[in-house]
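The values are calculated or read from the model by the stated rules, or taken from the named source; none is laboratory data. Model, not experiment: these values are computed from the prediction. Positions of Cβ are backbone-derived with ideal geometry, glycine not excepted, and every protein chain shown enters the neighbour counts. Note: areas computed on protein heavy atoms with side chains; ligands, DNA, RNA excluded. Shrake-Rupley method; radii C 1.70, N 1.55, O 1.52, S 1.80 Å.
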Amino acid sequence: MRAQSSATAAPAIAVPAGRDGRGFGTLQAALGVLAFSLTFPATAWGLEGFGPWSLVAVRSALAALIAGGCLLALRVVPPERRHWPGLVVVGAGVVLGFPMLTTLALQTSTTAHAAVVVGLLPLTTALFSALRTGSRPSRTFWLAALAGAVAVLAFTVRQSGGALTTADVYLFAALLVCAAGYTEGGRLARVMPGWQVIGWALVLCLPLTLPVAAVALSTEPVRLTAHSVTGLLWVAAGSQFLGLIVWYRGMAAIGIPRASQLQLAQPLLTLVWSVLLLNEHLTVAAPLTAAAVLVCIAVTQRARG
């Protein structure tokens, strides 16, 4: 039975080759970016009715139940033992670390501010990818990466009144853990379907997220509104599961550096959503800094070939 399940799962692992395959991979990665661009506005909506610990734990637990149901329904065989350390990194970075840190940050930070800071994620992911694969980026890559980091740091300090706030510390920490999770998830998506990568990572975290959700819901106030419920459902099903499925498949098809290039649009999209969905007022510095980071990341991608 085990051998039969492995055989049936094998076709899903294959990534389409050639120009059509790359085009489909690009489309999937782009859909992932679109899903992620809504994460911060949806989180802000969720915080209108849930506490930070409740929101993160419940979103992860709901996503894990969806993923676990899919894995059971399709009788997917658990990954080989050698893949579990990588799944732990994905779970720690993408399932737990990034959602918790950004949710804590958004209690006191605007989504526009957070979007600009997290705009460094493609650079951070490219750095982790270089370290993980042992590649040696060019001097141009490092200069552009440094310029992007300086632009975001200058924006952050200026917006925060001359010093980093606690929210900024949360956001910079979120960059590191998410980049590690993206890199490891992209690597695993080359040997197993992308939806199984995030699915197993979510299930792996369920013994932690489920009891934390129960405790948090009993201790933090809950106010169910259209915004809070919609925000919770989106970050659970859209950002935490469906978005990561297409994102990891896209990374596997076109490569982590090329997929990261598509993430250039994410901060700008989030700025648009923050205005349309949250009625936030943007300072001139926000779109200008996002555009500057976009240019820096484009240079790093070109430098990597």
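Tabulated values for the structure
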read-out	value
Single condition H113 does not satisfy, out of (1) surrounded by 24 or more Cβ atoms within 10 Å (Cβ to Cβ); (2) farther than 21 Å from G238 by Cβ; (3) within 14 Å of the chain's Cα centre (by Cα); (4) of a type outside the set (D, E, K, R)	(3)
Unique residue being surrounded by fewer than 22 Cβ atoms within 10 Å (Cβ to Cβ) and in a helix (DSSP H, G or I) when the list is L72, L101, L120	L72
Candidate set: the range 153-176, residues that are among the β-branched types (V, I, T) and at pLDDT 80 or above; chosen: the one surrounded by the most Cβ atoms within 10 Å (Cβ to Cβ)	T165
Residues of the range 35-56 satisfying the condition of being surrounded by fewer than 21 Cβ atoms within 10 Å (Cβ to Cβ) and under 14 Å from A105 (Cα atoms)	L47, G51, P52, W53
Qualifying positions in the range 225-240 - buried (at least 24 other Cβ atoms within 10 Å of the Cβ) and of a type outside the set (G, A, S)	V235, Q240
Test: residue in the range 134-145 that is open to solvent by 20 Å² or more (accessible area, probe 1.4 Å), among the charged types (D, E, K, R) and not in a helix (DSSP H, G or I)	yes
Of the criteria (1) open to solvent by 40 Å² or more (accessible area, probe 1.4 Å); (2) among the basic types (K, R); (3) within 30 Å of L224 (Cβ to Cβ), which one R59 fails	(1)
Given (1) under 17 Å from P207 (Cβ atoms); (2) touching a Phe, Trp or Tyr at 6+ places or on another chain (Cβ under 9 Å); (3) hydrophobic (A, V, I, L, M, F, W, C); (4) open to solvent by less than 20 Å² (accessible area, probe 1.4 Å), number of the condition I66 does not satisfy	(4)
Boolean, V215 is modelled with pLDDT of 85 or more and either touching a Gly at 6+ places or on another chain (Cβ under 9 Å) or among the charged types (D, E, K, R) (or both)	no
Pair list, Cβ under 7 Å, 6 or more apart: the range 251-272 residue open to solvent by less than 10 Å² (accessible area, probe 1.4 Å), other residue polar (S, T, N, Q) and at pLDDT 75 or above	S260/T125; T270/S37; T270/T111
Selection from the range 209-224 of residues that are open to solvent by 70 Å² or more (accessible area, probe 1.4 Å) and not aliphatic (A, V, I, L, M)	S218, T219, P221, R223
Check on L288, in contact (Cβ under 8 Å) with a residue 24 or more places away in the chain, among the aliphatic types (A, V, I, L, M) and open to solvent by 20 Å² or more (accessible area, probe 1.4 Å)	no
Which listed residue is under 19 Å from H83 (Cβ atoms) and not acidic (D, E), from T165, T183, T225, T209	T183
Odd one out for T108 among (1) assigned to a helix (DSSP H, G or I); (2) surrounded by fewer than 18 Cβ atoms within 10 Å (Cβ to Cβ); (3) of a type in the set (S, T, N, Q)	(1)
